[in-house]
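The values are calculated or read from the model by the stated rules, or taken from the named source; none is laboratory data. Model, not experiment: these values are computed from the prediction. SASA here: full protein model, heavy atoms, side chains in, ligands and nucleic acids out. Shrake-Rupley method; radii C 1.70, N 1.55, O 1.52, S 1.80 Å.
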Amino acid sequence: MAPFATDDIDAPDAGFDSFLEFLFDADIPKELSTEGTEARAEVRKLVAEVHSVPESADELLRTYSGKEKVLIKSLSKMKVQEEENAETIAEIKALVAEVNTTKSAAELLATYVGRYELLLTNLRMMKAKQDENVPEIRKLVEEVHIPKSADELLRTYSGREDVLKKSLSKMKIQEEENAETIAEIKALMEEVDTAKSPAELLATYAGRYEILLKNLKKMKAKQENEAEARRLVGEVKTDKTADELLEIYSGKEALLVENLNELKNAEGDNADMAFAVKTLVVETKAPKAADELLAIYSGREEMLLKNLRRMKAKQEEEKEKALLAAKNAPKPPLPPSPTASTATASTAASGGSSSFKKKKDYNDVIRERQMEQRRAEGLSTSTSIKKVRDYNDLIKEKKLEKQASRRQ
(Lines give C-alpha, C1' and ligand atoms only; values in the text may rest on other atoms or scores of the structure.)
Protein backbone atom coordinates (compact mmCIF):
# COMPACT_ATOMS: atom_id res chain seq x y z
CA MET A 1 0.00 0.00 0.00
CA ALA A 2 1.42 3.34 -0.99
CA PRO A 3 2.12 5.79 1.87
CA PHE A 4 -0.26 8.74 2.28
CA ALA A 5 1.18 11.95 0.76
CA THR A 6 1.59 14.63 3.44
CA ASP A 7 3.81 17.13 1.63
CA ASP A 8 0.98 19.62 1.01
CA ILE A 9 -0.65 19.30 4.44
CA ASP A 10 0.35 21.69 7.24
CA ALA A 11 0.70 20.11 10.66
CA PRO A 12 -1.85 21.40 13.21
CA ASP A 13 -0.78 23.69 16.02
CA ALA A 14 -0.20 22.20 19.46
CA GLY A 15 -3.29 21.62 21.58
CA PHE A 16 -6.43 19.47 21.55
CA ASP A 17 -8.61 22.22 20.01
CA SER A 18 -6.29 22.55 17.01
CA PHE A 19 -6.23 18.77 16.65
CA LEU A 20 -10.03 18.61 16.51
CA GLU A 21 -10.17 21.44 13.94
CA PHE A 22 -7.55 19.68 11.82
CA LEU A 23 -9.28 16.30 12.14
CA PHE A 24 -12.78 17.52 11.23
CA ASP A 25 -11.73 20.41 8.91
CA ALA A 26 -13.09 22.95 11.45
CA ASP A 27 -16.57 21.30 11.30
CA ILE A 28 -16.42 19.70 14.74
CA PRO A 29 -19.42 17.59 15.94
CA LYS A 30 -21.32 19.21 18.77
CA GLU A 31 -20.64 16.33 21.19
CA LEU A 32 -16.86 16.80 20.76
CA SER A 33 -16.77 20.60 20.79
CA THR A 34 -15.11 22.43 23.66
CA GLU A 35 -15.14 26.02 24.83
CA GLY A 36 -11.90 26.56 22.93
CA THR A 37 -13.15 25.10 19.65
CA GLU A 38 -16.35 27.13 19.88
CA ALA A 39 -14.31 30.31 20.40
CA ARG A 40 -12.07 29.47 17.44
CA ALA A 41 -15.11 28.75 15.28
CA GLU A 42 -16.61 32.12 16.27
CA VAL A 43 -13.32 33.85 15.30
CA ARG A 44 -13.36 32.19 11.87
CA LYS A 45 -16.96 33.23 11.33
CA LEU A 46 -16.28 36.86 12.31
CA VAL A 47 -13.14 37.09 10.13
CA ALA A 48 -15.22 35.94 7.15
CA GLU A 49 -17.80 38.66 7.86
CA VAL A 50 -15.49 41.57 8.70
CA HIS A 51 -13.76 43.45 5.85
CA SER A 52 -11.29 45.43 7.96
CA VAL A 53 -9.01 42.50 8.78
CA PRO A 54 -6.14 41.87 6.32
CA GLU A 55 -4.86 38.84 8.29
CA SER A 56 -6.32 35.36 7.98
CA ALA A 57 -8.21 33.60 10.79
CA ASP A 58 -5.30 31.21 11.37
CA GLU A 59 -2.83 34.10 11.73
CA LEU A 60 -5.09 35.86 14.22
CA LEU A 61 -5.65 32.67 16.22
CA ARG A 62 -1.91 32.11 16.46
CA THR A 63 -1.37 35.71 17.56
CA TYR A 64 -4.21 35.60 20.12
CA SER A 65 -3.57 32.05 21.34
CA GLY A 66 -5.17 31.77 24.79
CA LYS A 67 -6.83 35.19 24.33
CA GLU A 68 -9.58 34.20 21.89
CA LYS A 69 -12.25 36.04 23.93
CA VAL A 70 -10.37 39.33 23.53
CA LEU A 71 -10.10 38.69 19.80
CA ILE A 72 -13.83 37.90 19.53
CA LYS A 73 -14.68 41.12 21.36
CA SER A 74 -12.52 43.20 18.98
CA LEU A 75 -13.89 41.50 15.87
CA SER A 76 -17.48 41.89 17.09
CA LYS A 77 -16.89 45.60 17.65
CA MET A 78 -15.44 45.93 14.14
CA LYS A 79 -18.42 44.07 12.70
CA VAL A 80 -20.86 46.46 14.39
CA GLN A 81 -18.92 49.46 13.07
CA GLU A 82 -18.90 48.03 9.58
CA GLU A 83 -22.65 47.31 9.70
CA GLU A 84 -23.27 50.90 10.79
CA ASN A 85 -21.07 52.12 7.91
CA ALA A 86 -22.10 49.54 5.31
CA GLU A 87 -22.83 52.11 2.58
CA THR A 88 -19.58 53.97 3.24
CA ILE A 89 -17.53 50.74 3.11
CA ALA A 90 -19.23 49.68 -0.13
CA GLU A 91 -18.27 53.03 -1.70
CA ILE A 92 -14.73 52.71 -0.34
CA LYS A 93 -14.35 49.28 -1.98
CA ALA A 94 -15.64 50.61 -5.28
CA LEU A 95 -13.23 53.57 -5.16
CA VAL A 96 -10.22 51.36 -4.27
CA ALA A 97 -10.98 49.31 -7.38
CA GLU A 98 -10.91 52.48 -9.53
CA VAL A 99 -8.06 54.39 -7.85
CA ASN A 100 -4.39 53.42 -8.06
CA THR A 101 -3.53 52.67 -4.42
CA THR A 102 -0.57 50.82 -2.96
CA LYS A 103 -2.73 49.02 -0.36
CA SER A 104 -5.75 46.72 -0.65
CA ALA A 105 -9.26 47.63 0.54
CA ALA A 106 -8.88 45.36 3.62
CA GLU A 107 -5.57 47.02 4.58
CA LEU A 108 -7.03 50.51 4.21
CA LEU A 109 -10.17 49.61 6.18
CA ALA A 110 -8.02 48.13 8.95
CA THR A 111 -5.91 51.30 9.05
CA TYR A 112 -8.98 53.57 9.14
CA VAL A 113 -11.09 51.57 11.60
CA GLY A 114 -13.71 53.95 13.01
CA ARG A 115 -12.57 56.66 10.52
CA TYR A 116 -14.24 55.40 7.36
CA GLU A 117 -15.54 58.87 6.43
CA LEU A 118 -11.98 60.24 6.39
CA LEU A 119 -10.84 57.35 4.20
CA LEU A 120 -13.76 57.92 1.86
CA THR A 121 -12.94 61.65 1.59
CA ASN A 122 -9.28 60.87 0.74
CA LEU A 123 -10.26 58.31 -1.88
CA ARG A 124 -12.74 60.73 -3.47
CA MET A 125 -10.01 63.38 -3.68
CA MET A 126 -7.62 60.84 -5.24
CA LYS A 127 -10.23 59.83 -7.78
CA ALA A 128 -10.98 63.46 -8.62
CA LYS A 129 -7.28 64.08 -9.23
CA GLN A 130 -7.03 60.98 -11.37
CA ASP A 131 -10.15 61.84 -13.37
CA GLU A 132 -8.70 65.28 -13.99
CA ASN A 133 -5.10 64.29 -14.70
CA VAL A 134 -5.01 60.66 -15.89
CA PRO A 135 -6.27 61.23 -19.47
CA GLU A 136 -3.77 64.04 -19.99
CA ILE A 137 -0.98 61.98 -18.37
CA ARG A 138 -1.64 59.09 -20.76
CA LYS A 139 -1.56 61.50 -23.69
CA LEU A 140 1.72 63.07 -22.51
CA VAL A 141 3.35 59.65 -22.05
CA GLU A 142 2.60 58.92 -25.72
CA GLU A 143 4.06 62.27 -26.83
CA VAL A 144 7.31 62.31 -24.83
CA HIS A 145 10.16 59.79 -24.93
CA ILE A 146 9.96 57.92 -21.64
CA PRO A 147 10.87 54.25 -20.98
CA LYS A 148 7.98 53.52 -18.56
CA SER A 149 4.32 52.98 -19.37
CA ALA A 150 1.51 55.25 -18.19
CA ASP A 151 0.21 52.55 -15.81
CA GLU A 152 3.62 52.16 -14.16
CA LEU A 153 3.93 55.92 -13.69
CA LEU A 154 0.41 56.22 -12.31
CA ARG A 155 1.10 53.47 -9.76
CA THR A 156 4.33 55.18 -8.70
CA TYR A 157 2.72 58.62 -8.47
CA SER A 158 -0.54 57.44 -6.88
CA GLY A 159 -2.06 60.47 -5.13
CA ARG A 160 0.50 62.78 -6.77
CA GLU A 161 -0.83 62.80 -10.31
CA ASP A 162 -0.52 66.60 -10.49
CA VAL A 163 3.26 66.30 -9.85
CA LEU A 164 3.58 63.66 -12.58
CA LYS A 165 1.57 65.77 -15.02
CA LYS A 166 3.78 68.81 -14.33
CA SER A 167 7.00 66.81 -14.89
CA LEU A 168 5.73 65.28 -18.15
CA SER A 169 4.57 68.69 -19.41
CA LYS A 170 8.06 70.09 -18.72
CA MET A 171 9.66 67.19 -20.61
CA LYS A 172 7.35 67.79 -23.56
CA ILE A 173 8.34 71.48 -23.76
CA GLN A 174 12.04 70.57 -23.59
CA GLU A 175 11.65 67.99 -26.36
CA GLU A 176 9.75 70.44 -28.57
CA GLU A 177 12.50 73.04 -28.12
CA ASN A 178 15.13 70.44 -29.06
CA ALA A 179 13.22 68.66 -31.82
CA GLU A 180 16.08 68.84 -34.37
CA THR A 181 18.65 67.59 -31.83
CA ILE A 182 16.38 64.71 -30.80
CA ALA A 183 15.80 63.77 -34.45
CA GLU A 184 19.59 63.65 -34.99
CA ILE A 185 20.01 61.62 -31.80
CA LYS A 186 17.47 59.05 -33.02
CA ALA A 187 19.21 58.83 -36.41
CA LEU A 188 22.59 58.30 -34.76
CA MET A 189 21.23 55.62 -32.44
CA GLU A 190 20.17 53.57 -35.44
CA GLU A 191 23.81 53.58 -36.61
CA VAL A 192 25.54 53.21 -33.23
CA ASP A 193 25.43 50.16 -30.95
CA THR A 194 24.14 51.29 -27.54
CA ALA A 195 23.02 49.29 -24.53
CA LYS A 196 19.95 51.48 -23.95
CA SER A 197 16.96 52.37 -26.08
CA PRO A 198 16.39 55.93 -27.44
CA ALA A 199 13.63 56.51 -24.88
CA GLU A 200 15.90 55.46 -21.99
CA LEU A 201 18.78 57.68 -23.15
CA LEU A 202 16.51 60.67 -23.81
CA ALA A 203 14.98 60.26 -20.35
CA THR A 204 18.46 60.02 -18.78
CA TYR A 205 19.72 63.12 -20.66
CA ALA A 206 16.49 65.16 -20.28
CA GLY A 207 17.51 68.80 -20.69
CA ARG A 208 21.07 67.75 -21.74
CA TYR A 209 20.42 66.60 -25.28
CA GLU A 210 23.52 68.38 -26.67
CA ILE A 211 25.78 66.29 -24.40
CA LEU A 212 24.05 63.10 -25.54
CA LEU A 213 24.43 64.11 -29.20
CA LYS A 214 28.14 64.86 -28.70
CA ASN A 215 28.71 61.47 -27.02
CA LEU A 216 26.86 59.62 -29.78
CA LYS A 217 28.97 61.38 -32.46
CA LYS A 218 32.12 60.26 -30.61
CA MET A 219 30.81 56.70 -30.43
CA LYS A 220 29.99 56.70 -34.14
CA ALA A 221 33.45 58.08 -35.05
CA LYS A 222 35.10 55.45 -32.85
CA GLN A 223 33.16 52.61 -34.43
CA GLU A 224 33.96 53.89 -37.95
CA ASN A 225 37.67 54.22 -37.12
CA GLU A 226 37.75 50.73 -35.62
CA ALA A 227 36.20 49.29 -38.78
CA GLU A 228 38.64 51.22 -40.99
CA ALA A 229 41.61 50.12 -38.85
CA ARG A 230 40.61 46.46 -39.17
CA ARG A 231 40.34 46.87 -42.94
CA LEU A 232 43.79 48.51 -43.18
CA VAL A 233 45.46 45.89 -40.96
CA GLY A 234 44.36 43.30 -43.52
CA GLU A 235 46.09 45.28 -46.31
CA VAL A 236 49.43 46.12 -44.64
CA LYS A 237 52.09 44.02 -42.97
CA THR A 238 52.34 44.54 -39.18
CA ASP A 239 53.68 42.43 -36.32
CA LYS A 240 50.47 42.94 -34.33
CA THR A 241 46.84 41.93 -34.88
CA ALA A 242 44.00 44.39 -35.30
CA ASP A 243 42.73 43.65 -31.77
CA GLU A 244 46.18 44.28 -30.27
CA LEU A 245 46.54 47.58 -32.13
CA LEU A 246 43.04 48.70 -31.15
CA GLU A 247 43.82 47.95 -27.52
CA ILE A 248 47.05 49.99 -27.74
CA TYR A 249 45.30 52.89 -29.51
CA SER A 250 42.18 52.77 -27.29
CA GLY A 251 40.64 56.25 -27.45
CA LYS A 252 43.02 57.19 -30.29
CA GLU A 253 41.52 55.12 -33.11
CA ALA A 254 41.77 58.07 -35.54
CA LEU A 255 45.55 58.21 -34.98
CA LEU A 256 45.79 54.46 -35.64
CA VAL A 257 43.95 54.88 -38.96
CA GLU A 258 46.28 57.75 -39.88
CA ASN A 259 49.41 55.71 -39.07
CA LEU A 260 48.13 52.68 -40.97
CA ASN A 261 47.38 54.82 -44.03
CA GLU A 262 50.93 56.23 -43.93
CA LEU A 263 52.30 52.69 -43.67
CA LYS A 264 50.15 51.58 -46.61
CA ASN A 265 51.18 54.48 -48.84
CA ALA A 266 54.90 54.40 -47.91
CA GLU A 267 57.49 51.94 -49.20
CA GLY A 268 60.59 50.27 -47.78
CA ASP A 269 61.79 49.14 -44.37
CA ASN A 270 61.75 52.68 -42.98
CA ALA A 271 57.96 52.78 -43.30
CA ASP A 272 57.60 49.62 -41.20
CA MET A 273 60.04 51.02 -38.67
CA ALA A 274 58.23 54.37 -38.52
CA PHE A 275 54.91 52.60 -37.87
CA ALA A 276 56.52 50.50 -35.12
CA VAL A 277 57.93 53.68 -33.53
CA LYS A 278 54.55 55.43 -33.65
CA THR A 279 52.84 52.41 -32.09
CA LEU A 280 55.41 52.20 -29.29
CA VAL A 281 55.11 55.92 -28.58
CA VAL A 282 51.38 55.44 -28.01
CA GLU A 283 51.89 52.22 -26.04
CA THR A 284 54.54 53.69 -23.69
CA LYS A 285 52.79 57.07 -23.43
CA ALA A 286 56.03 58.84 -24.35
CA PRO A 287 55.98 62.59 -23.56
CA LYS A 288 57.16 63.52 -27.07
CA ALA A 289 55.27 62.97 -30.33
CA ALA A 290 56.33 60.20 -32.71
CA ASP A 291 57.00 62.62 -35.60
CA GLU A 292 59.23 64.73 -33.35
CA LEU A 293 61.23 61.67 -32.25
CA LEU A 294 61.57 60.41 -35.85
CA ALA A 295 62.86 63.80 -36.90
CA ILE A 296 65.42 63.88 -34.06
CA TYR A 297 66.52 60.28 -34.73
CA SER A 298 66.58 60.65 -38.51
CA GLY A 299 69.01 58.03 -39.80
CA ARG A 300 69.07 56.35 -36.37
CA GLU A 301 65.58 54.90 -36.37
CA GLU A 302 66.87 51.51 -35.20
CA MET A 303 68.36 53.11 -32.07
CA LEU A 304 65.07 54.92 -31.38
CA LEU A 305 63.12 51.70 -31.82
CA LYS A 306 65.52 49.84 -29.52
CA ASN A 307 65.19 52.50 -26.79
CA LEU A 308 61.41 52.53 -27.01
CA ARG A 309 61.26 48.73 -26.75
CA ARG A 310 63.56 48.85 -23.75
CA MET A 311 61.35 51.52 -22.19
CA LYS A 312 58.28 49.35 -22.76
CA ALA A 313 60.00 46.30 -21.19
CA LYS A 314 60.97 48.35 -18.15
CA GLN A 315 57.41 49.65 -17.76
CA GLU A 316 56.04 46.10 -17.90
CA GLU A 317 58.63 44.95 -15.35
CA GLU A 318 57.71 47.76 -12.96
CA LYS A 319 54.04 46.98 -13.43
CA GLU A 320 54.63 43.31 -12.54
CA LYS A 321 56.64 44.34 -9.46
CA ALA A 322 53.86 46.65 -8.32
CA LEU A 323 51.26 43.89 -8.78
CA LEU A 324 53.43 41.40 -6.87
CA ALA A 325 54.04 43.90 -4.07
CA ALA A 326 50.33 44.62 -3.81
CA LYS A 327 49.61 40.89 -3.74
CA ASN A 328 52.20 40.17 -1.01
CA ALA A 329 51.48 43.29 1.04
CA PRO A 330 50.43 42.42 4.61
CA LYS A 331 46.76 42.85 5.18
CA PRO A 332 45.84 45.60 7.65
CA PRO A 333 44.79 44.25 11.05
CA LEU A 334 41.09 43.98 11.56
CA PRO A 335 39.61 46.40 14.10
CA PRO A 336 38.87 44.74 17.44
CA SER A 337 35.31 43.60 17.87
CA PRO A 338 33.18 45.48 20.41
CA THR A 339 32.94 42.38 22.59
CA ALA A 340 36.72 41.86 22.59
CA SER A 341 37.45 45.50 23.41
CA THR A 342 34.83 45.42 26.19
CA ALA A 343 36.34 42.24 27.59
CA THR A 344 39.84 43.78 27.50
CA ALA A 345 38.61 46.92 29.23
CA SER A 346 36.79 44.95 31.91
CA THR A 347 39.86 42.74 32.46
CA ALA A 348 42.06 45.79 32.80
CA ALA A 349 39.58 47.38 35.18
CA SER A 350 39.24 44.29 37.36
CA GLY A 351 42.82 43.08 37.18
CA GLY A 352 44.62 46.40 37.46
CA SER A 353 44.18 46.84 41.22
CA SER A 354 45.01 43.17 41.98
CA SER A 355 48.23 43.25 39.92
CA PHE A 356 49.29 46.46 41.72
CA LYS A 357 48.63 44.77 45.03
CA LYS A 358 50.71 41.75 44.03
CA LYS A 359 53.57 44.03 42.95
CA LYS A 360 53.42 45.89 46.24
CA ASP A 361 53.48 42.67 48.27
CA TYR A 362 56.46 41.42 46.29
CA ASN A 363 58.40 44.61 46.96
CA ASP A 364 57.70 44.22 50.65
CA VAL A 365 59.07 40.68 50.56
CA ILE A 366 62.24 41.88 48.82
CA ARG A 367 62.72 44.58 51.45
CA GLU A 368 62.30 42.10 54.30
CA ARG A 369 64.82 39.72 52.75
CA GLN A 370 67.30 42.54 52.22
CA MET A 371 66.97 43.57 55.90
CA GLU A 372 67.51 40.01 57.04
CA GLN A 373 70.59 39.68 54.82
CA ARG A 374 72.03 42.94 56.15
CA ARG A 375 71.53 41.83 59.72
CA ALA A 376 73.24 38.52 58.98
CA GLU A 377 76.09 40.26 57.19
CA GLY A 378 76.48 42.70 60.11
CA LEU A 379 77.03 39.85 62.60
CA SER A 380 79.47 37.99 60.38
CA THR A 381 81.44 41.19 59.75
CA SER A 382 81.92 41.88 63.45
CA THR A 383 82.96 38.26 64.01
CA SER A 384 85.47 38.35 61.15
CA ILE A 385 86.98 41.58 62.51
CA LYS A 386 87.49 39.96 65.90
CA LYS A 387 89.11 36.94 64.29
CA VAL A 388 91.45 39.17 62.30
CA ARG A 389 92.54 40.97 65.42
CA ASP A 390 93.35 37.66 67.16
CA TYR A 391 95.34 36.51 64.17
CA ASN A 392 97.42 39.74 64.16
CA ASP A 393 98.21 39.25 67.79
CA LEU A 394 99.51 35.76 67.03
CA ILE A 395 101.71 37.09 64.26
CA LYS A 396 103.18 39.70 66.56
CA GLU A 397 103.84 37.08 69.18
CA LYS A 398 105.60 34.85 66.63
CA LYS A 399 107.80 37.73 65.51
CA LEU A 400 108.77 38.60 69.05
CA GLU A 401 109.65 34.99 69.72
CA LYS A 402 111.91 34.86 66.65
CA GLN A 403 113.70 38.08 67.63
CA ALA A 404 114.31 36.77 71.13
CA SER A 405 115.74 33.51 69.82
CA ARG A 406 118.15 35.32 67.53
CA ARG A 407 119.48 37.44 70.34
CA GLN A 408 120.25 34.34 72.34
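The figures follow:
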item	result
Relative contact order (%) - criterion: Cα under 8 Å, at least six apart; region: segment 187-268	27 percent
Surface accessible to a 1.4 Å probe, Val277 within the full protein complex, Å²	0 Å²
Relative contact order %, segment 122-194, counting alpha carbon pairs below 8 Å whose residues are six or more apart	32 percent
Exposure of Thr241 as accessible area (Å², to 10), given a probe of 1.4 Å and all protein chains	70 Å²
Residue-wise HN-Hα coupling along segment 270-282, computed from phi with Karplus coefficients 6.51, -1.76, 1.60 (Hz; x: Gly, Pro)	4, 5, 4, 5, 5, 5, 5, 4, 4, 5, 5, 4, 5
Overall dimensions of segment 139-196 by Cα: Rg and Dmax, Å	13.6, 41
J(HN,Hα) series, segment 111-121, from Karplus relation 6.51 cos²θ - 1.76 cosθ + 1.60, nearest Hz, glycine and proline x	5, 9, 4, x, 10, 5, 5, 5, 4, 4, 4
Segment 48-137: relative contact order as a whole-number percent, Cα under 8 Å and 6+ apart	35 percent
Distance violations [Cα-Cα > 31 Å] among Lys237/Lys327; Lys196/Lys278; Lys129/Lys196; Lys278/Lys321	Lys237/Lys327; Lys196/Lys278; Lys129/Lys196
